[in-house]
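Inspection log for the structure reproduced underneath, given as structure tokens.
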Amino acid sequence: MSEHKWPAEWQEWAEASRATFPNAQSSLMPFLHRVRTQRGWLPPEALDAAADLLGMTRQHVDSVVSFYTLFRSEATGRRTVHVCLGLSCMMAGADTLMENLEQDLGIAEGQTTRDGAVTLLEAECLAACDLAPACQVNLVYRGPVAPEAYRELLEMPVPEPDAWAPPTTPEAREATHRG
Amino acid sequence: MGSALPNRHYLLRQRDVADVHQLAVYREHGGYTALQQALQANQPDQLVELAKASGLRGRGGAGFPTGMKWSFLPKDGRARVLVINADEGEPGTFKDRELIEGNPHQLIEGMIITCFAIGAPESYVYIRGEFLHGYERLTAAIREAEEAGILGEHVMGYDFSHRMFVYRGAGAYICGEETALLESLEGKRGNPRSKPPFPAVAGLYGRPTVVNNVETIMNLPPLVLEGADWYRQWGTEKSPGLKVMSVSGHVNRPGNYEVPLDWTLAELIEAAGGVRTGHAVKAVIPGGSSMPCMPASQLDTPIDYESLVQAGSMLGSGGCIVMDDSTCIVRAVARVVRFYRNESCGKCTPCREGTYWLTDIMDRLERGDGEMRDLDTLLDVSDNINGKAFCALGDAAVGFLVSALKHFREEFVEHITGQRCPLGARQYDTVNH
């Protein structure tokens, strides 16, 4: 494990995660959650850091990251809007809500606006069918959101990543926009 | 008619008591007296017997008797672990979210009582990654309990010590399956494990483990205070007690309802404000989207585990999705099979490939591009998934589809012969606003 290679807070979080859970391998997901909250997504150096600081192979880190939808290794905007497309939400107009957002933002589901402000994603049942159509913006619930009231999701105040990581190259920015 | 509603909530206590998520308020209203009573009596085996006598069954989906589950732990002197499954994600189900956010101390109290009963020095809550608010509420409540001496060394001054951990999932429905959950809790991909060994023998980090649902364990504090007979005043002999039912879809007041288990589906829908004026119920999925649907003619079925099985469905997690006569069943099924395709972990071929094909065919049918032979193919593929995959996700993927083909076959046929959806493409947009 290196001393100065990674941001100080990452080293602290890795230590804290290892100390919290008696079994070292359980420290990976708590660590990734903290970096994800800070950066908005998991840039490549975060995955290297996880492997290095937690004593795992990068392959293992990748295998875990690729399994879970909240762990995104593609550049993601400062504001992630999840629209629930579960059955109850669909019955309440979630598809139209999604279409309205796509039209307003000029992107398709799965993409990020060019300025990095918003990523638009579909969510599987958010366990909030009482709020159908339900959404989350940076994991804060909102609902019911009538399809024509979609702007609420772009305007409501939510905690944003305090050290958001922009896409690293122009190619990556373009790829992000295409989704 | 089912039994009368109790005059208060025993699980959704936040409905009666403001700010009950705060330790001071929870204690003011009798919180942690059940734990104190259990520790004072110092008879862990009696607590297991109490759970058995009450007939309490697991509220996560399978309905397995809770006390019996605890008694499967081998008596070999190893330290046990309790893991709470708070990875709620079954479409139509949203009870654990409200229970954790609103009444976290009752979960903590129930967990400590359970851990004292089974001899577990450690417990874990595996909470869905999307439940950020619930995670914050729960960790704050645990901190309060630690500072008050309710968790940690010598719980409430008694000879029992306990540590509690909260672990966040990160977006994977499959992690609600208990062995996938354990894999995830160990920091891995959430692929289900081979059974045996069952978690009771080799669970988290190989230790003897009990995995229980949030709602199940929240029943413990009132049970300890009031006793098994009290619990049995509601429900039936085999399905006693109260259940938090999540009601959603085309009802006027979607939400969670804490009701006796001998209520009928019709009574439950009535409690949720009934369906919209001018509409009638078409179909109901009583226990989350993994369960078969029931047509309106079966609404007088009681919601207890046995009656719903007899009627061809299951209580599952209690996520009751109500569809009125404006619903296109083909579109609803298409949405549900797509969910299972997206959430299949990919480990078993029948589930991974089968859900892909079902989604493909259902989308084609809904577009009006289907053929009659597709209906046989749907049943054939379903048959090749059902019971032929490692865990229950595959079975879950076909329940609604097969039941819809049984009860509403003519609607599938109309999509094929008319080459379009007879109800129109966007018939839902005026609902519930």
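The values are calculated or read from the model by the stated rules, or taken from the named source; none is laboratory data. From a predicted model like this one, the values you see are computed outputs, not experimental measurements. Backbone-built Cβ (ideal geometry, glycine too); neighbour counts: all protein chains shown. When the accessible area is computed, the model is the full protein with side chains, heavy atoms only, and any ligands, DNA or RNA have been set aside. Shrake-Rupley method; radii C 1.70, N 1.55, O 1.52, S 1.80 Å.
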Quiz item: Taking segment B:145-165, which residues are crowded, with 21+ Cβ neighbours inside 10 Å and either among the charged types (D, E, K, R) or within 13 Å of another protein chain (Cβ to nearest Cβ) (or both)?
Solution: B:M164
Practice problem: Evaluate segment A:149-159: report whether one residue or more is buried (at least 20 other Cβ atoms within 10 Å of the Cβ), within 8 Å of chain B (Cβ to nearest Cβ), within 19 Å of the chain's Cα centre (by Cα) and at pLDDT 95 or above. | Solution: no
Practice problem: Scan segment A:78-112 residue by residue and report those that are open to solvent by 20 Å² or more (accessible area, probe 1.4 Å), more than 21 Å from B:Y173 (Cβ to Cβ) and in contact with a strand residue (DSSP E or B) (Cβ under 9 Å, 6 or more places away or on another chain). | Solution: A:R78, A:R79, A:E102, A:L105, A:A108, A:Q111
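Condition check ((1) part of a helix (DSSP H, G or I); (2) within 14 Å of chain A (Cβ to nearest Cβ); (3) surrounded by fewer than 24 Cβ atoms within 10 Å (Cβ to Cβ); (4) under 20 Å from the mean Cα position of the chain (by Cα)) across all residues:
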position: B:L181; (1), (2), (3), (4): yes, yes, no, yes
position: B:S184; (1), (2), (3), (4): yes, yes, no, yes
position: B:P197; (1), (2), (3), (4): no, no, yes, no
position: B:A202; (1), (2), (3), (4): no, no, yes, no
position: B:V211; (1), (2), (3), (4): no, no, no, yes
position: B:I217; (1), (2), (3), (4): yes, no, no, yes
Quiz item: Pairs, please: C-beta under 6 Å, at least 6 apart or cross-chain, first residue in contact (Cβ under 8 Å) with a residue 24 or more places away in the chain and in segment B:23-44, second small (G, A, S) and surrounded by 13 or more Cβ atoms within 10 Å (Cβ to Cβ)?
Solution: B:P44/B:A117
Self-check item: Residues satisfying the stated conditions in segment B:180-239, i.e. farther than 30 Å from A:L28 by Cα and free of Cβ contacts under 8 Å to residues at least 12 places away in the same chain
Solution: B:E226, B:D229, B:W230
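Considering only segment A:59-75, I want to know if a residue exists there that is β-branched (V, I, T) and facing another protein chain (nearest Cβ under 8 Å).
Yes - at least one qualifying residue is present in segment A:59-75.
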Quiz item: Could we say that B:G176 is in contact with a Phe, Trp or Tyr (Cβ under 6 Å, 6 or more places away or on another chain), in contact (Cβ under 8 Å) with a residue 12 or more places away in the chain and not polar (S, T, N, Q) here?
Solution: no
Practice problem: Residues being more than 14 Å from the chain's Cα centre (by Cα) and either assigned to a helix (DSSP H, G or I) or more than 7 Å from every other protein chain (Cβ to nearest Cβ) (or both): count how many of those fall in segment A:120-134. | Solution: 5
Practice problem: Looking only at segment B:401-417, decide whether some residue is assigned to a loop (DSSP other than H, G, I, E, B), more than 14 Å from chain A (Cβ to nearest Cβ) and touching a strand residue (DSSP E or B) at 6+ places or on another chain (Cβ under 8 Å). | Solution: yes
Self-check item: Filtered residues of segment B:253-271 (kept if within 12 Å of chain A (Cβ to nearest Cβ) and more than 19 Å from the chain's Cα centre (by Cα))
Solution: B:R253
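So is B:R331 part of a helix (DSSP H, G or I), touching a residue at least 40 places away in the same chain (Cβ under 8 Å) and basic (K, R) or not?
yes
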Practice problem: For segment B:229-252, name all the residues that are within 30 Å of A:M90 (Cα to Cα) and hydrophobic (A, V, I, L, M, F, W, C). | Solution: B:L242, B:V244, B:M245, B:V247, B:V251
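Quick check on A:F31: is it at pLDDT 95 or above and within 11 Å of chain B (Cβ to nearest Cβ)?
yes
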Exercise. With the condition kept exactly as written, say whether any residue in segment B:399-410 is modelled with pLDDT of 95 or more, farther than 30 Å from B:V309 by Cβ and open to solvent by 60 Å² or more (accessible area, probe 1.4 Å).
Key: no
Quiz prompt | B:L225 surrounded by fewer than 24 Cβ atoms within 10 Å (Cβ to Cβ), at pLDDT 95 or above and within 27 Å of B:E258 (Cβ to Cβ) | solution = yes
Practice problem: Scan the helices (runs of 4 or more DSSP H) fully inside segment B:36-144 and keep the ones with 2 or more residues being away from chain A (no Cβ under 14 Å) and open to solvent by less than 10 Å² (accessible area, probe 1.4 Å). | Solution: B:44-54, B:66-71, B:104-118
Quiz item: Name the residues in segment B:307-325 that are open to solvent by less than 20 Å² (accessible area, probe 1.4 Å) and farther than 30 Å from B:K238 by Cα, would you?
Solution: B:D324
Quiz item: When you scan segment B:232-252, how many residues do you find that are touching a helix residue (DSSP H, G or I) at 6+ places or on another chain (Cβ under 8 Å) and either within 14 Å of chain A (Cβ to nearest Cβ) or part of a loop (DSSP other than H, G, I, E, B) (or both)?
Solution: 13
Exercise. Report those helices (runs of 4 or more DSSP H) wholly inside segment A:11-116 carrying at least 2 residues which are within 20 Å of the chain's Cα centre (by Cα).
Key: A:28-39, A:44-54, A:58-65, A:94-105
Quiz prompt | Single match in B:G171, B:G176, B:G206 (criterion: at pLDDT 95 or above and surrounded by 24 or more Cβ atoms within 10 Å (Cβ to Cβ)) | solution = B:G176
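With in contact with a Phe, Trp or Tyr (Cβ under 9 Å, 6 or more places away or on another chain), more than 28 Å from B:A392 (Cα to Cα) and of a type outside the set (A, V, I, L, M) as the only criterion, which of B:S248, B:S326, B:S289 stands out?
Checking each option against the conditions leaves just B:S326.
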Quiz item: Which one of these does B:V381 not meet: (1) open to solvent by 60 Å² or more (accessible area, probe 1.4 Å); (2) at pLDDT 95 or above; (3) more than 25 Å from the chain's Cα centre (by Cα)?
Solution: (1)
Practice problem: Pull up segment B:167-179, narrow it to residues that are farther than 15 Å from A:F21 by Cβ and charged (D, E, K, R), then point me to the one that is farthest from the other protein chains (Cβ to nearest Cβ). | Solution: B:E178
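Looking at segment A:18-28, which of its residues are more than 8 Å from chain B (Cβ to nearest Cβ) and more than 17 Å from A:T57 (Cβ to Cβ)?
Going residue by residue through segment A:18-28, those that are more than 8 Å from chain B (Cβ to nearest Cβ) are A:18-19, A:24.
Within segment A:18-28, just A:A19 meets the criteria.
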Practice problem: Pick out the one residue from B:V224, B:V284 that is of a type in the set (A, V, I, L, M, F, W, C), assigned to a helix (DSSP H, G or I) and more than 15 Å from the chain's Cα centre (by Cα). | Solution: B:V224
